[in-house]
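Chemist: Below are the C-alpha cells for one structure; questions will follow.
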Amino acid sequence: MMATLHLLSHSPFNDGRLDSCLRLLGPDDGVLLTGDAIYALRAGTQPAQALEQLPASNALFALQEDLQARGLDVVPSRVDAVDYPGFVELCTRFDKVNAWL
C-alpha cells in the first residue's frame with residue numbers, strides 16, 4: 001500500500017483544499033499543515049472537528065514555525081509539531097508527497 005503525505009498551506013476558511021484532501025485520504029496517508037492551513041487547528045471550528053475525526057491511521061503534522069507565527073500554542077494531542085528537518089524527514093518517510101498548491 002502506497003502512503004501519501006498531503007501538504008496543505010491554505011486557510012480552510014476561504015478555500016476548499018482541506019475538504020477535498022480529507023475526502024481523498026488513503027488509510028495510511030498523513031497530513032502536514034503549514035502556512036495558513038495551521039488555522040484548521042483552531043479549537044471549535046469545523047476544520048478542527050473534521051481533523052479530529054480522522055482515523056488514527058492518518059498521521060497529522062503541523063510545522064512548528066507556522067504554529068508559533070500564528071499564535072497556536074495549544075494543538076490537539078494527535079497533532080505532531082515538526083520543525084523543518086522533521087518536515088524533510090517526513091517527506092522521505094512517505095511513498096509520495098502531494099502538495100495542494
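Chemist: How many of the residues making up the range 78-101 are part of a loop (DSSP other than H, G, I, E, B), under 20 Å from Leu18 (Cα atoms) and out of contact with any helix residue (DSSP H, G or I) (no Cβ under 8 Å at 6 or more places or on another chain)?
Modeler: 2
Chemist: Turning to a different aspect of this structure: Among the residues of the range 29-70, count how many are surrounded by fewer than 14 Cβ atoms within 10 Å (Cβ to Cβ) and of a type in the set (Ser, Thr, Tyr).
Modeler: Going through the range 29-70 one residue at a time, the tally reaches 1.
Just so you know, all these numbers are worked out from the coordinates, no wet-lab data involved. Please read all numbers here as calculations on a predicted model, not as lab measurements. Here Cβ is always computed from backbone atoms with ideal geometry, including for glycine, and neighbour counts include all displayed protein chains.
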